[in-house]
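The values are calculated or read from the model by the stated rules, or taken from the named source; none is laboratory data. The structure displayed is predicted, hence computed values, not measured ones. Surface accessibility is based on the protein's heavy atoms, side chains included, excluding ligands, DNA and RNA. Shrake-Rupley method; radii C 1.70, N 1.55, O 1.52, S 1.80 Å.
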Amino acid sequence: MLSSGMHGLLTTCAIVSAAHSLFLTTTTPTPPLTRTTITTDDTPSPLSSTTATTTTASPHTNINIHNSNINDDNAEFDITSPLFVWVVVVILWTLSVALACLSFLEKKGEQVLFAHEWKREEWECDNYLEGEQHEMVQLYMSKGMSQQDAETVIGLLSKNKKMFVDIMMVEELCLMPPSHDLSPLCGAAARLVAFFVLGMAPVAALCVSVEVCCTSYQAFLALTLVTALVVGILRVYFCVDLGSWWGQGLLHLLLVAVTVGVVHGAVVLLQTTTPWGTSVLAYTVSGIASTST
């Protein structure tokens, strides 16, 4: 569950960092556009301050040029806008539901496969026990056990059919029995909650004005690092053989740093290597900005 929560945290970090990089590098002032209006008349008209008569075309054609600023103010958009926060929430919720569905299908598939193979091995023990004993003897001999010892061990284990089938599932088919602590549905719900809650934890920094001491993005990164550190420490206490708490904490901090670096690097690479990258990004940002305003 903590692993799913870390996935949600890194997903949020990637989304916000990408948006911050795009908005930071594409919100540059653009010159105002000029609108030119062309009108035609059947009769000549005297020249005025806003009318010029051309001689290349018909002498009765007048071109009226009106200079007007179409975009007087460049629309600005940042990661603290309500629209962007709602976009992050919707993306996280969608990914959470998708992850929960995948988790349910995976766990349910493991249970169905194990049950099917267990029944097959049980049928073989009921109808051809000598063949199954011979296979297990050969398997133990391949691991370094003598033939006499292997036959003795298998002879004793095969007296209990259920235990013998369970051992064959692990030793022969490499299938571990599925955990019955949580049902597939409960496990999927737990992964959904962990992914969404931990993913939304640092988004609180985008909803609070913190410009007194730092920008909203800096507060977001700080809260993300703190959350990642806490997740790394908790995994030491709930998991086995993960090393020291400070080692896991540093590892999770490194994952956040790598995520931010890769996202920023991808944005810069897109703008420098793709001729139309900057134009597309600028058009996208201006469109989102006009929508949010």
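With a probe of 1.4 Å, find how much accessible area segment 129-181 has per residue, and write the answer as a whole number in Å². All intermediate terms of the calculation are to be shown ahead of the outcome.
Values: 3440 Å² over 53 residues.
That works out to 65 Å² per residue.
Quick check on my link table: of LYS107/LYS162; LYS108/LYS162; LYS107/LYS159; LYS108/LYS159, which ones sit more than 28 Å apart, alpha carbon to alpha carbon?
On the way: LYS107/LYS162 23 Å; LYS108/LYS162 22 Å; LYS107/LYS159 31 Å; LYS108/LYS159 31 Å.
With Cα atoms farther than 28 Å apart: LYS107/LYS159; LYS108/LYS159.
Taking all protein chains together and a probe of 1.4 Å, list CYS174, CYS101 from the most accessible to the least accessible.
Working: CYS174 105, CYS101 70 Å².
The ordering from most to least exposed comes out as CYS174, CYS101.
If one puts a single equal scatterer on every Cα of segment 90-161 and applies the Debye formula without solvent, what log₁₀ I(q)/I(0) results at q = 0.29 Å⁻¹?
At q = 0.29 Å⁻¹ the computed log10 ratios are -1.15.
How large a share of the accessible area of segment 73-159, in percent, is made up of carbon and sulfur atoms when the probe is 1.4 Å and the other protein chains stay in place? Walk me through the intermediate numbers first.
On the way: 3540 of 5710 Å².
Carbon and sulfur together cover 62 percent of it.
To the nearest 10 square angstrom, how much accessible area does GLU110 have with a 1.4 angstrom probe?
The value for GLU110 is about 80 Å².
For HIS7, HIS252, give me the order by solvent-accessible area with a 1.4 Å probe, most accessible first, ignoring ligands, DNA and RNA.
On the way: HIS7 90, HIS252 5 Å².
Sorted descending by solvent-accessible area, the residues read HIS7, HIS252.
Accessible area, 1.4 Å probe, largest first: how do THR215, THR12 sort? Intermediate values should be presented prior to the final figure.
On the way: THR215 70, THR12 0 Å².
Correct descending sequence by accessible area is THR215, THR12.
Using a 1.4 Å probe on the protein heavy atoms only, what accessible surface does SER146 show? Give it in Å² to the nearest 10.
My reading of the accessible area for SER146 is about 60 Å².
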